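Since every read-out is calculated from the coordinates, none of them should be taken as a lab result. Everything numeric here is computed off the predicted structure, so don't read it as measured data. Neighbour counts are summed over all protein chains in view; Cβ atoms, including those assigned to glycine, are modelled from backbone coordinates with ideal geometry.
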Amino acid sequence: MSEVEALRAGLVADIDGAASLDALEALRVGALGKQGVVTALLKTLGGMSPEERLEKGPPIQDLRESVTNAIATRKAALEQAALDARLASERVDMTLPAGDVPVGSIHPVSQVMDELAEIFADLGFSVATGPEIEDQWYNFTALNMPESHPARAMHDTFYLRAEEGVESYVLRTHTSPVQIRTMKAVAQKTGGAGEPIRIIAPGRVYRSDSDATHTPMFHQIEGLVIDKGIHLGHLKWTLETFLKAFFERDDITLRLRPSYFPFTEPSVEVDVGYSLENGQRVIGGSGDAPGGGWMEVLGSGMVNRRVIAAGGFDPDQWQGFAFGIGIDRLAMLKYGMNDLRAFFDGDLRWLKHYGFSALDVPTLSGGVGA
Ligand code: PHE
């Protein structure tokens, strides 16, 4: 066996027996690296005569090729073995319980808004909206609160900065401007003739006020019905029907108290009775029973003639009623929360506790999952 042939056999045997990729790499460097034995042999070719090179060259080239091939083959085998080992040890066990995935929840305010929209949809009301940055005319003037009217001062209004001589916009202090916007749109659409209106308008409103039961931003829902021959009885029935559906009890009692709003005449404030059940205050039953009481839930009344006229309707033909309800307040009453500020803190623990599942929403119609 020639020297070159012996070297080839030895190297190939070592390579075939390499136990790891690291060991194989060491062998490659020892044979084909700069100082490698095969490299050294290849270098000798340069100093040979052409005849000698013709004789000794091919076996040396063969040697290099065999070693290169042997390394490639062994490398592929070692890599395949490593992959097999990983596949065996890193098998995914599909029966293991999945890790925790954070899940969001529906905010109680959104939940209550959905519930209200659903209850009023059943009564034939559609949903209307208006801007939160509002014209003073819509927020006050058209609602029978002319400039210098003391009721304007009753609302702690946020005024936006305006140029000299230009009336500033306000952050709407209630959802009542949507009454005017809706009436005007209908009056325009019908060429001044008018047609019946039944809308609710939920949304954000703003007043400069902050304590445990007041936040500078809060939510209201406005209701407006315009038709011919509408009277206080329609208002009372509508509110009673709505409150029974919302609190999911038939024994809801209402107390209507005379009140004052510039945009309604007569105006009534509505209280709902609560009673003591197992030491807990719950909405329902007569508020006059021992341990019970009355909770104010909304303001309402027959739409003032001036407001009907400002909306572009003829007050001699059309009448209506309107109401405004604090949504946050309703949510607190129904779901037992006592600090309004927590509604808007964005504390995840609070949201987790009081929030509703998006997939299993206990809405009145059974939720998406039903
Ligand atoms: N806009 C009134 C408020 O914010 C509520 C209300 C609405 C009263 C409609 C009567 C009619 O206090």
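Figures for the structure shown
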| read-out | value |
| --- | --- |
| Rh (Kirkwood; distinct C-alpha pairs) - segment 3-89, Å | 14.0 Å |
| Span from the segment 80-103 Cα centroid across to the segment 104-168 one, whole angstrom | 55 Å |
| Rounded tilt (10° steps) of 108-122 against the dominant C-alpha axis of the chain | 60 degrees |
| Principal-axis tilt of helix 21-32 within the chain, Cα atoms, nearest 10 degrees | 40 degrees |
| Trypsin sites (Lys or Arg not before Pro) within segment 95-191, DSSP loop, no more than 11 other Cβ atoms inside 10 Å | R161 |
| Whole-Hz couplings from phi, Karplus 6.51/-1.76/1.60, listed for segment 75-86; x for Gly and Pro | 5, 4, 5, 5, 5, 5, 5, 5, 5, 4, 4, 5 |
| Per-peptide average of other Cβ atoms within 10 Å, ordering 100-106, 335-341 highest first | 335-341, 100-106 |
| Segment H234-M295, length gained on full extension (0.36 nm per residue, minus Cα span) | 19.8 nm |
| Packing rank of 57-63, 310-316, where each peptide gets the mean count of other beta carbons within 10 Å, highest leading | 310-316, 57-63 |
| Between segment 252-278 and segment 1-57, the Cα center-to-center distance that results, in Å | 102 Å |
| Pairs beyond 29 Å (Cα-Cα), from K34/K75; K236/K352; K228/K334 | K236/K352; K228/K334 |
| Integer Hz, Karplus 6.51/-1.76/1.60 couplings in order for segment 60-71, x for Gly and Pro | 5, 4, 4, 4, 4, 5, 4, 5, 4, 5, 4, 5 |
| Stretchable slack from R341 to A40, in nm (0.36 nm times residue separation minus alpha-carbon distance) | 100.0 nm |
| A358 long-range amide H proximity, modeled H, under 5 Å | I106 |
| Length added when fully stretched, E248-V29, from 0.36 nm per residue minus Cα-Cα | 70.6 nm |
| Along each principal axis, Cα extent of the chain, largest first, Å | 125, 60, 39 |
| Amide H contacts under 5 Å for A128, placed H, 5+ residues apart | I200, A201 |
| Sparse-neighbourhood loop sites, GluC sites (Glu not before Pro) in segment 97-190 - DSSP loop, at most 16 other Cβ within 10 angstrom | E132, E147, E163, E164, E167 |
